[in-house]
Amino acid sequence: MEIIVIGGGAAGLFCAGFMAEKHKVTIIEHMDSCGKKLLVTGKGRCNVTNDSDEETILKNIRTNPKFMFSSVYQYPPAKVMEFFESRGVPLKTERGRRVFPVSDKAMDIKKALEKHCGAADIVYDEVEKLIIEDGAVKGVVLTGGRKMYADRVIVATGGMSYKQTGSTGDGYKFARQAGHTVVTPTASLVPLVENGSMCREMMGLSLKNVNLSLVYKNKKVFSEQGEMLFTHFGISGPLVLSASCHIKDKDIQQYKAVIDMKPALPNEVLYKRICDDFEKLHTKKAANCLEWLLPKSMIPVMLKVWGIDTDKPVNQITRQERLKLVECMKNFEIPLNSKYKLDIAVITSGGVSVKELNPKTMQSKICENLYFIGEVIDVDAYTGGYNLQIAFSTAYAAAQSVLEQ
């Protein structure tokens, strides 16, 4: 049997390696090397999965988790971890049960997958369209009209995020050609654009151990502690990427991000600390009273939000003004305008409709011998290694289906 895998990313490489043990497999990759997106995941460390059980994985899949039930139970995180460790990549588990290579090098994951595919051929070219005859896929047409025929074609092209790594949305084109419905792709796990220019004034400032909440119409829809970053357009960083999953795009301007700068301190404790600091700084002006409380680049912005007269002597700042400062530090609000660009999102939400795929095999219900795996499918999850787990579980399901045939 001859098999073509379109796309040499995590899902494509993983799937191809299993099938190449018994069949002739050709991976077609339109970039100059495979696995480029892997190298930028997890800040270059590659959060390869989440060390949790199947039920937890499914709870963290935000779009179409029921579709993933069979494949996740067939190939859960424990098997992903065993796969890499048995191939010479020791792993470690960090906060939130996120799994990384001990080396902290995504390249080690990439090399393990490439070695796994050692028996497969890799063709660096671009697929222009599928060859479909009598309701079945027969192969692909490459650049310049060159045709390659196969008994099975597996589409593993990814979504539309990180376009520079090769995810250009080609898989949606192939899906539509075969008669599939494509749910409109949107950004998921993406930085957020503020409504205003407050963040620009703090551009480059990274905050650690803060709590970020997402509030929609006065209702908290997300809250988590960790790291975030102010940028020229708004906010980014791990906390922000996680929060972005909880936003309905059409209503985004009704959301606001709320930062608790001192989550370990209850309001009354923070108030006492402020009073103690002000006692030591009683000869200074309000403009110089926040040096022990906040990062330097944030102080001018906080003074504006606080609304204090910057020339007011510290020893004249009233109890009500001090209480307001506590409120500003515990609930620092950032109105939101939009999500940032889709092509730099970590994950694409949307893709090939799962209603038209067999959840046990990833095979098309519309076009014979055609499969879709990984991010090209309308399935996505929260941050924490869950999205790569989706890639591996769907890839394994497709590979096993082909091998059983």
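Every number in this text was worked out from the coordinates using simple rules, so none of it is lab data. As the structure is a computational prediction, the values presented were derived from the model and not from experiment. Here Cβ is always computed from backbone atoms with ideal geometry, including for glycine, and neighbour counts include all displayed protein chains.
With a sphere of radius 12 Å drawn around the Cβ of G8, what net charge do the other residues whose Cβ falls strictly inside it have (Lys, Arg +1; Asp, Glu -1)?
That works out to -2.
List the relative contact order of region 191-340 as a percent without decimals, with contacts defined as Cα pairs under 8 Å and 6+ residues apart.
Numbers: 265 pairs, mean separation 47.9, N = 150.
Value for region 191-340: 32 percent.
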| Entries of K43/K115; K66/K217; K59/K330; K250/K365; K262/K296 with Cα pairs more than 21 Å apart | K43/K115; K66/K217; K59/K330; K250/K365
| remark: Counting only residues 5 or more apart in sequence or on a different chain, those whose built amide H sits under 5 Å from that of E2 are D151, R152
| said: Tell me the angle of helix 267-280 to the major Cα principal axis of the chain, expressed in degrees between 0 and 90 and rounded to the nearest ten. | reply: 50 degrees
| Helix-only mean residue ellipticity at 222 nm for the chain, each DSSP H run of n ≥ 4 adding -39500 (n - 2.57), per residue, nearest 500 | -8000 deg cm²/dmol
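Once the piece of chain linking A78 and E291 is laid out straight, how much longer is it, given 0.36 nm per residue of separation minus the C-alpha distance between them? If you can, show how the numbers build up before the last one.
Working: separation 213, 0.36 × 213 = 76.68 nm, distance 4.75 nm.
Taking A78 through E291 to full extension adds about 71.9 nm, to one decimal.
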| Sequence-distant residues sharing a close amide H with K312 (under 5 Å, placed H) | A286, A287
| Given charges of +1 on the Cβ of Lys and Arg and -1 on the Cβ of Asp and Glu, with all other atoms neutral, how large is the dipole of region 87-185 about its Cα centre, in debye to the nearest 20? | 480 debye
| message | What does the net charge come to around K138 if you take all other residues with beta carbon closer than 13 Å to its beta carbon, with K and R at +1 and D and E at -1? | response | -2
| message | Placing +1 on the Cβ of each Lys and Arg and -1 on the Cβ of each Asp and Glu in the chain, which of T63, G169, V402 has its Cα farthest towards the positive end of the resulting dipole? | response | T63
| Leading residue at positive end of dipole, the chain (Cβ point charges), from S213, I132, Q320 | Q320
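Can you give the FRET efficiency to the nearest 0.05 for D104 and E2, using r as the Cβ-Cβ distance and R₀ = 51 Å?
0.85
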| request: Treat every Asp and Glu Cβ in region 191-340 as -1 and every Lys and Arg Cβ as +1, leave all other atoms uncharged, and give the resulting dipole magnitude about the Cα centre to the nearest 20 debye. | output: 180 debye
| Residue-wise HN-Hα coupling along region 191-207, computed from phi with Karplus coefficients 6.51, -1.76, 1.60 (Hz; x: Gly, Pro) | x, 10, 9, 7, 9, x, 9, 4, 5, 4, 5, 10, 3, x, 6, 9, 10
| message | Can you give the FRET efficiency to the nearest 0.05 for D32 and V258, using r as the Cβ-Cβ distance and R₀ = 51 Å? | response | 0.70
| request: Please list the radius of gyration and Dmax for region 37-80, considering alpha-carbon atoms only, with Å as the unit. | output: 11.7, 31
| Residue by residue through region 352-369, which ³J(HN,Hα) values in whole Hz follow from phi under the Karplus form 6.51 cos²θ - 1.76 cosθ + 1.60 (θ = phi - 60°), with glycine and proline marked x? | 4, 4, 6, 5, 9, 10, 7, x, 8, 10, 6, 7, 5, 8, 9, 10, 5, 6
| request: Under 12 Å from the Cβ of S70, count the other residues' Cβ atoms, weight Lys and Arg +1, Asp and Glu -1, and hand me the total. | output: +1
| Residues L403 and Y124, FRET efficiency given R0 of 25 Å [Cβ-Cβ distance, rounded to 0.05] | 0.45
| task | Provide the gained length on full extension for the span K312 to L58, in nm with one decimal, where the gain is 0.36 nm per separating residue minus the Cα-Cα distance. | result | 86.0 nm
| field | Dipole of region 83-172 [Lys/Arg +1, Asp/Glu -1 at C-beta], most positive-end residue of V141, V123, F100 | value | F100
| Based on the Kirkwood radius over alpha-carbon pairs, what value in µm²/s does the Stokes-Einstein equation return for the translational diffusion coefficient of the chain at 4 °C and 1.567 mPa s? | 56 µm²/s
| query | If you bin the C-alpha pair distances of region 218-303 every 10 Å from 0, what whole percents do you get? | reply | 13, 38, 30, 17, 3, 0
| query | Using +1 on the beta carbon of Lys and Arg, -1 on that of Asp and Glu, and nothing else charged, what's the dipole of the chain about the Cα centre, debye to 20? | reply | 980 debye
| field | the chain: relative contact order as a whole-number percent, Cα under 8 Å and 6+ apart | value | 24 percent
